[in-house]
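In what follows, a single structure is set out as structure tokens and then discussed.
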Amino acid sequence: MSNTTELFRYIEAAPTPWHAVAETARRLDEAGFARLEEADSWGLEPGKKYYTTRAGSSLIAWRMPKVPGAGWRMSAAHSDSPAFRVKGAVDRAGCTMLDLEGYGGMIRAAWLDRPLGIAGRLMVKTAGGIREQLVDLGGEQAVIPHLAIHMDRTANSGHNYDMKKDMPALYAPAAKADLQQALADAAGCKKEEILAQDLLLYCSDKGTQTPNGLILVPRLDDLGCAFAGLAGLLNAPESEQGAVFCLFDNEEVGSGTRQGALSSLLPDVLARAAEALGENAEDSRRALAKSLLLSADNGHAIHPNFAEMSDAANPVRLGGGVVLKWNASQKYTTSGETAALFRSVCEKAGVPVQDYYNRPDLPGGSTLGNLLSAQVSVRMADIGLPQLAMHSCVETAAAQDVDALVNAVCAWYAARIEKTSQGWAL
Ligand code: CO
């Protein structure tokens, strides 16, 4: 099966961050990784494979180093995408509407006039307490209809899509359609047993590939990189060093949550691993000094209709290979040193690399690496899949870049890269 087909399957199984973590966990279970709960005693052993989750929407999977002080080869991606939180159903003008709250910076117009799904997490009352249950009502549940052009002659002259006025979604053509009952039916419980819920609207388009190699798929940012990072860990060969794959929630809202990249999740896992290996404080700091991390989040390809928006000196082409991101203000963690390492690994693997810079007068977005390096200070580089229409409902990229990204990340985990007194041996 092609990387693209596999990627589409992964994304389809991940309509929300909770589902992304559940699907990732399912694949790790299949690959023999042992699931650990943060509240339990872990009993980690050298060379063995584990994963843990936090808040149901972030996950860290790793293979333990074989020897103390060997360090870690790592990558990180994010599980969340811009979406709409469903606050509840209300009757309005004889219809049932879903009241929404925006999550992250989405291109709002893209969410109109298309079938939207409802999925998320329910907290369900049981005889013994409360259980958590994922739910997916399916992809054709609601729509956010435009006002007809006959009632808005300015529709094609630029429209400000207001969260309160434009974005509430139509759930049913009659009042009192029962969203809570639909959730209860899907969860196999009684309506009154649903104590609380985290629900998102999601774009249910299936991933597609054009005959000429474009791919169109929802949530490509950042499930494309999550897919590649997971592939890298699953294919990582035996080594003295450990291997880590991080999947963080809440990147789209600044990462400052208990489960985000700014949290203690990665430091906590590394500290517990260091203790299990019998490393003392100096050993574990020496291990971090030998460790490397790829912060993997999609980047912008040059848009042919808006080429002037990209940095003229460094055009990133769709189909031109994996993106290595640079920023003088250090929003990206790439340095000359880590770029040289990543480029060397990619060159050996036959993967083309493209340098990305923001246009000098544009600030660009933020990502995981620079926030994560405040928690775990290891050498990092920022990379990603070049794409168009970032944060739209359906995003566009090139199939050959998916191959490039997967090959680059797998080569990153597989490569021998050793710190020496002169520099690096590889
Ligand atoms: Co992203």
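Things to note:
- Alpha-carbon centroids, the range 330-349 and the range 174-204: separation in whole Å: 46
- Placing +1 on each Lys and Arg Cβ and -1 on each Asp and Glu Cβ, with no other charges, gives the chain a dipole about its Cα centre of roughly 280 debye.
- Long pairs among Lys49/Lys125; Lys87/Lys164; Lys87/Lys176; Lys331/Lys419, criterion Cα-Cα beyond 23 Å: Lys49/Lys125; Lys331/Lys419
- Given charges at Cβ of Lys, Arg, Asp, Glu: the chain dipole, positive-most of Thr210, Trp412, Leu362: Trp412
- Residue-wise HN-Hα coupling along the range 229-242, computed from phi with Karplus coefficients 6.51, -1.76, 1.60 (Hz; x: Gly, Pro): x, 5, 4, x, 5, 5, 9, 5, x, 3, 7, 5, 6, x
- Acute angle (nearest 10 degrees) that the helix 336-349 long axis makes with the longest principal axis of the chain, alpha-carbon atoms: 90
- Centre separation in Å (Cα based) which lies between the range 216-294 and the range 370-426: 12
- Simple point charges give the picture: +1 on the Cβ of Lys and Arg, -1 on the Cβ of Asp and Glu, and for the range 227-338 a dipole about the Cα centre of about 180 debye.
- Computed across the range 287-383, the Kirkwood radius stands at 14.0 Å (inverse of mean 1/r, all Cα pairs).
- Qualifying GluC sites (Glu not before Pro) for the range 188-294 [loop in DSSP, other Cβ within 10 Å: at most 16]: Glu238, Glu240
- Fraction of accessible area attributable to carbon and sulfur, the chain (%, probe 1.4 Å): 51
- Considering only the Cα atoms of the chain, their convex hull presents on average a projected area of 22.6 nm².
- Residue among Pro267, Ala301, Thr257 farthest towards the positive dipole end of the range 256-314, charges placed on Cβ: Pro267
- Straight-distance crosslink candidates among aspartates and glutamates, where the alpha carbon sits under 19 Å from Lys190 and sequence neighbours closer than 8 are dropped: Glu132, Asp136, Asp178, Asp198
- Between Gly139, Gly128, Gly232, the residue with the greatest mean-square fluctuation in the GNM of the chain (Cα pairs under 10 Å linked by springs) is Gly128.
- Residues of type aspartates and glutamates that Lys165 reaches as a straight line, Cα spacing below 17 Å, ignoring anything fewer than 8 places off in the same chain: Asp91, Asp99, Glu101, Asp113, Asp152
- The angle between the Cα long axis of helix 265-277 and the main principal axis of the chain comes to about 40°, on a 0 to 90 degree scale.
- With pairing defined as another cysteine C-beta under 4.7 Å, the cysteines of the chain that fail it are Cys95, Cys189, Cys225, Cys246, Cys346, Cys410.
- In the chain, a dipole from Cβ-located charges (positive for Lys and Arg, negative for Asp and Glu) runs towards its positive end, and of Leu288, His19, Leu183 it is Leu288 whose Cα lies farthest in that direction.
- Accessible area of the chain divided out per residue, in Å², using a probe of 1.4 angstrom: 43
- For the range 61-95 and the range 99-160, distance of Cα centres in Å: 19
- Mean-square fluctuations from a GNM of the chain, with a 10 angstrom spring cutoff on Cα atoms, peak among His391, His150, His303 at His150.
- Computed over the chain, the per-residue total of -39500 (n - 2.57) for DSSP H runs of n ≥ 4 gives a 222 nm mean residue ellipticity of -8000 deg cm²/dmol, rounded to 500.
- Net charge of neighbours whose Cβ lies under 14 Å from the Cβ of His159, counting Lys and Arg as +1 and Asp and Glu as -1: -1
- Computed accessible area, Thr52, all protein chains, 1.4 angstrom probe, square angstrom: 0
- Across Leu318, Leu195, Leu98, mean-square fluctuation computed from a Gaussian network of the chain (C-alpha pairs under 10 Å connected) peaks at Leu195.
The values are calculated or read from the model by the stated rules, or taken from the named source; none is laboratory data. If you're wondering where the values come from, they're calculated on a predicted model, not measured in any experiment. Virtual Cβ from ideal backbone geometry, glycine too; neighbours counted across all protein chains shown. Side chains are part of the model used for accessible areas, which takes the heavy atoms of the whole protein and leaves out ligands, DNA and RNA. Shrake-Rupley method; radii C 1.70, N 1.55, O 1.52, S 1.80 Å.
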